[in-house]
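Here, each number is a calculation from the coordinates, and none is a lab measurement. Computed from a prediction, not measured in an experiment: that's the story for all the values here. Cβ sites come from the backbone with ideal geometry, for glycine too, and all protein chains shown count toward neighbours.
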Amino acid sequence: INIAVFASGNGSNFQSIYEATQSGRLKANIALVVCNKPDAYVIERAKACGIPCFVCSPKNYENKEAYEAAILAELTSAKVEFLVLAGYMRLVGSTLLKPYKNRIVNIHPSLLPAFPGIDAIGQAFDAGVKVIGITVHFVDEGMDTGPIIDQQAIRIEKGDTRETVEARIHEIEHQFYPAVLNELFEQAAVK
Ligand code: GRF
């Protein structure tokens, strides 16, 4: 299956997905990286992995439709069948949702529906919850609202700080996301 990874920042999840495709733990091919931030580190990572990266600033387009139409053209020419959002900090609109219905997933660092939106880990920490986690879900027009595919819970231990929790969440994400994706792709429904 040909996938595209969408990212806006560091791209550590892109890296773990890429490594899983290389080791065979994830049976998929990353055909394209899509990045909306021209200075994001994920662009360097994609280059180092030899994966084409489409960098597109929304502000260079007249509106969201035109921005997403440009992305769609790249996805089509790269024969991308499935979109994997990994730290992509924009809402996906109908221009991409329609052609990729049920074929867009996202990872979010909370046990959704708790703490959607930005800085989920900070939100959870401030709320004082003792169990946090990560969610992989299908993407719809809402903010972190689509059907949940899988979740993993993580306990906050005594002595944990925001930083230690953040580090643990990212470490677990890097194992969890490729594994959930592989399971999903093995299901005939999305082939
Ligand atoms: C991850 O925590 C992911 O759950 C969230 O954004 C972060 C992206 O990190 N959606 P990275 O760019 O993959 O390092």
Looking at L91, L26, L111, L72 in this structure, which one is more than 30 Å from F125 (Cβ to Cβ), surrounded by fewer than 22 Cβ atoms within 10 Å (Cβ to Cβ) and of a type outside the set (G, A, S)?
L72
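Looking at the stretch 11-26 only, could you name the residues that are in a loop (DSSP other than H, G, I, E, B), more than 20 Å from L75 (Cβ to Cβ) and touching a helix residue (DSSP H, G or I) at 6+ places or on another chain (Cβ under 8 Å)? I'd like the intermediate steps shown before the answer.
Narrowing the stretch 11-26 to residues in a loop (DSSP other than H, G, I, E, B): 11, 24-26.
Next, from what is left, pick out any that are more than 20 Å from L75 (Cβ to Cβ): 24-25.
Once the filter is applied, which keeps residues that are in a loop (DSSP other than H, G, I, E, B), more than 20 Å from L75 (Cβ to Cβ) and touching a helix residue (DSSP H, G or I) at 6+ places or on another chain (Cβ under 8 Å), the stretch 11-26 yields only R25.
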Could you tell me whether L111 is within 16 Å of the ligand (Cβ to nearest atom), under 20 Å from I172 (Cα atoms) and out of contact with any His (no Cβ under 9 Å at 6 or more places or on another chain)?
yes
Counted residues, the stretch 25-65 - those being among the hydroxyl-bearing types (S, T, Y) and in contact (Cβ under 8 Å) with a residue 24 or more places away in the chain:
1
Among residues of the stretch 163-178 being in contact (Cβ under 8 Å) with a residue 12 or more places away in the chain and of a type in the set (A, V, I, L, M), the residue farthest from I107 (Cα to Cα) is V165
Selection from the stretch 4-23 of residues that are more than 15 Å from the ligand (Cβ to nearest atom) and surrounded by 18 or more Cβ atoms within 10 Å (Cβ to Cβ)
T21
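Do any helices (runs of 4 or more DSSP H) entirely within the stretch 64-166 hold 2 or more residues that are touching a Phe, Trp or Tyr at 6+ places or on another chain (Cβ under 6 Å), and if so, which?
Numbers: elements: 64-77, 94-97, 120-127.
Qualifying helices (runs of 4 or more DSSP H): 64-77, 120-127.
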Meets criteria (in contact (Cβ under 8 Å) with a residue 12 or more places away in the chain, among the hydrophobic types (A, V, I, L, M, F, W, C), touching an Asp or Glu at 6+ places or on another chain (Cβ under 9 Å) and buried (at least 19 other Cβ atoms within 10 Å of the Cβ)) for V105
no
